[in-house]
Structure formats: structure tokens, C-alpha cells
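Some notes on the structure that comes next.
The values are calculated or read from the model by the stated rules, or taken from the named source; none is laboratory data. This structure is a prediction, so every number in the text was calculated from the model and none was measured. FYI the Cβ positions are ideal-geometry reconstructions off the backbone, even for glycines, and counts take in every protein chain you see.
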Amino acid sequence: MRKYTAILSTLALSGAMALPVHAQDAEGDTEERIEELEEQVEILSEEVQKKGDEHSGGGVLAGEPVEGSRGGISHHASKIYTKGPGLSIGGYGQTFFKATDTGPNTALPLRQILYFGYRFNDWIVFNSEFEFETEVEQEDGGTEREHEAEVEFAYLDFAFDPRFNARAGLVLLPLGIINEEHEPPTFFGNERPFVEKTIIPTTLRENAVGAYGELAGGAVEYVGYLQNGFDAGGLGPETASEGLGDVKQDGAAFAEDLAFSGSVDWHPMLGATVGVSGLHGDMDQLNRFSGDATITMWDVHGEWKRDGLWLRGLFTQADIDDTRSVNNTVDFDPDTNVRDAPSGNAVPEKMQGWYVEGGYNILRFIEGTGNQKLYPWVRYSQVDTQDEVVSGFSKNGSNDREIITAGVHYMPHPQVAIKAEFRDFDSDGPTNNQEEFLVGLGYNF
């Protein structure tokens, strides 16, 4: 770590010494140069933190907390990787108020999470996350409140070398942008992007064994798992509009069918990430259908976070094989002994969605704001959870949605976010059109 600290200090000092050379520049230019230098030092500091502590054993478990995901685990969940043997505790939480024109307004502490990690030695670590979640819904004229306590992940890491490390247990799958790093201060909006709630049903976790590491001096990161497959028994009429949330097994899993998942991220320069990820496997765990009910999911994603800009984009697609057998089974009504006529609720052969978003920290131009940040931001999304259906079944235009979101993301501290946004859902059908206003806060520690 001393080597990296020395490099960082030298860069900062060199930049500071260069300022007097341009003393003839206008005062405004000098101040702008100082702000630019400070931001570059901050970015370099984040990269230095990722490199770890040289004298702690040489594995990737060494080092200090990092900004962003580390081998599929986010900043504050990575605290245990930076300490000596013993226990580490962290967590995050969020609460918000939502007003909508299609139903009752709601207010709730959506989720509160605690991390517990234990480091046995320089190369063996246990890490875990426990989630307490609350939801309220209006169903059939009544009200349903749900309080859930779940294990979000729990695994053992074996750090052999920065280029290759092993992991086994209940893990977060390396799909999309939000699934691995989903603490509220790390993304715009009070709710996660709709694309990454339906097609990539975050939070997505399964029992797995695999490897992760860094190549090319940290410019390339990879994660790969062999895991239990999804459960096609969760497919049904709700899948057409609500996505794939019911096929994930969340650790309490059948494992007759297995799957593979993985990701590769490239960091071509400071503040930039470009990556791909995917999953493939059978999911007819209990042989409910005549075929295999195989699923293939993939996405491409990118992020740019520098000079006050924060940009993200993602495109994802999910393909399900043998949906004719699935639909003939899930649409069958045992009470009438007939199959429901082809309808707009058919399980799709293909789902597809994408979004782009951007924000700009306007406080970088205001003196005395320190490390506070204020991002006005906007997101454009298109989601079709019924992009293609097997012949003989019809699509429902309401499942082809366009979502425009605009909001503000204020961070009085790097670990605290106060958020407000307006969302407009517009579909090609008579339903799933609505407007929402959300305001809330989140934190991690």
C-alpha cells in the first residue's frame, strides 16, 4: 500500500507544483484546474484502494475498502477483506414514500440489511448479508402486508492470487449493473431500474461454486459460477407482465438442473467500465413439462463516472425454450379440464429491455460544499416482457412499456443519499400506464 500511496502523493504534488507555472492564467482557470486535479486524485485514490496492501499476504483479500464492486461484492460488503482476522459488520437501508395515480399511496421502510463477515486468515473469508424487507399491497379489495427476513448471500472465499480466487455458497449472480452492487447511494432512484427488476430480477442469488479475479493489472475483472438452475415452475400468467422474479430459487433450491453464469468487465480508463454477462441452463427441476424449459439470459452494460458526469446504460435479453409446453401446462384449468384459450398472458419466448441514464453533479462548481454531490438525472427505458410468444398464443401490448424517469440524487455524505423522482409508464395497451412520484432516503455503512 505504501508504494501506491507514494505514487498518489507524487501525482498530487506534481499537479500542485505545476499550478504556479501558469500564474498568468485567469484566476478562474486556476480554480478550474485545481478542481480537476482534486477529482483526478479522488479517482486515483479509488483505484489505489483496489490494489490492496502489499504486506498483508499478497492475495485479493488484502487492502482497504474499495469504491464499487469487488469480485461481485460491493464496497461496504467488502469491509471484511481489508481487516485482520476477526469480525466485520456493515449494512445499508432505504425508506421511501410513493404516490401513484393507479392505486393507494404507500410509505414504508423497504429494506434494512446487515453484513456480517469473518476473516479466518490471509486467504479464507466468510461473508454474508441478511435482509429485512417490508411490502404492502392492495389485493382483492383488502390489504396485504409482508415482512420478510432472508439470507441475501452467505459464502466462503479462498484467495489464491489476484488473478484466480474461489468462492462457494449462496452468491449474488454477476448479471447486469445493479444485482451485485445495489446499496441505495450507488444508483439513481428510490427503486431499482425497471429493466433490472423484471428481466434481470434483482436481487438475484443462487447456490454456486466458482471463481473470480483480475487480469491485465486490474483492467479486466471476471466472475464465473456453476450453480443450481432456475425453477420453471415459477413461470405463469404473471410472468408475461412482471418478468422472471418467480423463477429464481433464492437459495432454497431444487438442483436437478444446473446453470452457468458469468461476467467480464473491462476498465479502459479511470471511471469507465464496459462489460458483458450472461446465464444459461435448464430449469425444469421437477419434470413438469415435456421439454427442457431452457433459459438463456445476457446483457451488455457500461458506465462512465468522471468530471461530474455519471452515465449508465444496459441492454438485456432473456430467451426461454419450450414455451409451448410451458404454456400448455400453466394455462391448463384443472377445474374445467380444458386449456385456457391463447391469451395475452402467455409465457414469452423472449423478453427484451434497455435503458440509458445520466446525471451531473452541479455542486462541483459551488465552493464550500466539500464532498457533497447533487445529481439532477434522467433515465429512458424500454421494456417488453412479452417480446415474442410461441405461435398460437397472443401478445398483450400492455407489456411493451416505455418509461421516462427524471429526478434528483443528493448525497450530503458519500454514504447517504436523499432521492426524489417522477416516473411515467406508457404502454401499447390499456393497462400498465401510470405516473408515480417517489421521495426517500438511503444509506450504507
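Can you tell me which of V408, V389, V326 is of a type in the set (V, I, T), closer than 30 Å to A77 by Cα and assigned by TED's automatic domain parsing to the domain that holds T239?
V408
Answer yes or no as to whether A240 is crowded, with 20+ Cβ neighbours inside 10 Å, at pLDDT below 95, in the same structural domain as R119 (by TED's automatic domain parsing) and not in a strand (DSSP E or B).
For A240, the condition - crowded, with 20+ Cβ neighbours inside 10 Å, at pLDDT below 95, in the same structural domain as R119 (by TED's automatic domain parsing) and not in a strand (DSSP E or B) - is met.
If the Cβ limit is 9 Å and pairs must be 6+ apart or interchain, which residue in region 170-183 that is within 16 Å of G93 (Cα to Cα) pairs with which residue that is surrounded by fewer than 22 Cβ atoms within 10 Å (Cβ to Cβ) and of a type in the set (F, W, Y)?
Close Cβ pairs satisfying both conditions: E183/Y443.
I'd like the full set of residues that are over 12 Å from V223 (Cα atoms), over 22 Å from the mean Cα position of the chain (by Cα) and either assigned to a strand (DSSP E or B) or of a type in the set (F, W, Y) (or both), limited to region 143-174.
Matches in region 143-174: T143, E144, R145, E146, H147, F158, A159, F160, D161.
Consider S74 carefully, then state whether it is under 15 Å from E183 (Cα atoms), touching a helix residue (DSSP H, G or I) at 6+ places or on another chain (Cβ under 8 Å) and modelled with pLDDT under 90.
Considered against the rule, which asks whether it is under 15 Å from E183 (Cα atoms), touching a helix residue (DSSP H, G or I) at 6+ places or on another chain (Cβ under 8 Å) and modelled with pLDDT under 90, S74 comes out as yes.
Tell me which residues, restricted to region 375-418, are touching a residue at least 60 places away in the same chain (Cβ under 8 Å) and assigned to a helix (DSSP H, G or I).
S398, N399 - these are the residues of region 375-418 that are touching a residue at least 60 places away in the same chain (Cβ under 8 Å) and assigned to a helix (DSSP H, G or I).
Return the only residue of Y115, Y81 being surrounded by 15 or more Cβ atoms within 10 Å (Cβ to Cβ) and at pLDDT 85 or above.
Y115 is the lone residue from the list that is surrounded by 15 or more Cβ atoms within 10 Å (Cβ to Cβ) and at pLDDT 85 or above.
How do the pairs read when you match residues in region 102-124 that are without any contact (Cβ under 8 Å) to a residue 12 or more places away in the chain with residues anywhere that are of a type in the set (G, A, S) and outside any loop (DSSP other than H, G, I, E, B), using Cβ under 7 Å and keeping only pairs 6 or more apart or on different chains?
N105/A99
Within region 231-240, how many residues turn out to be in contact with a Lys or Arg (Cβ under 9 Å, 6 or more places away or on another chain) and in contact (Cβ under 8 Å) with a residue 60 or more places away in the chain?
Total satisfying the criteria: 2.
Need pairs with beta-carbon distance below 7 Å; first residue outside any strand (DSSP E or B) and within region 211-230, second of a type in the set (S, T, N, Q); sequence gap 6+ or separate chains.
G229/Q285; F230/Q249
Within the set of pairs 6 or more residues apart or between chains, which connect a residue that is over 10 Å from V390 (Cβ atoms) and assigned to a helix (DSSP H, G or I) inside region 312-330 to a residue that is modelled with pLDDT of 90 or more and among the aliphatic types (A, V, I, L, M) with Cβ atoms less than 8 Å apart?
If the second residue must be modelled with pLDDT of 90 or more and among the aliphatic types (A, V, I, L, M), the pairs left are V330/L235; V330/V347.
Quick check: anything in region 361-368 out of contact with any Pro (no Cβ under 7 Å at 6 or more places or on another chain), on the phi > 0 side of the Ramachandran plot and either of a type outside the set (S, T, N, Q) or touching a residue at least 40 places away in the same chain (Cβ under 8 Å) (or both)?
yes
Would you mind finding the one in D257, D284 that is without any contact (Cβ under 8 Å) to a residue 40 or more places away in the chain, surrounded by 16 or more Cβ atoms within 10 Å (Cβ to Cβ) and assigned by TED's automatic domain parsing to the domain that holds N433?
D257
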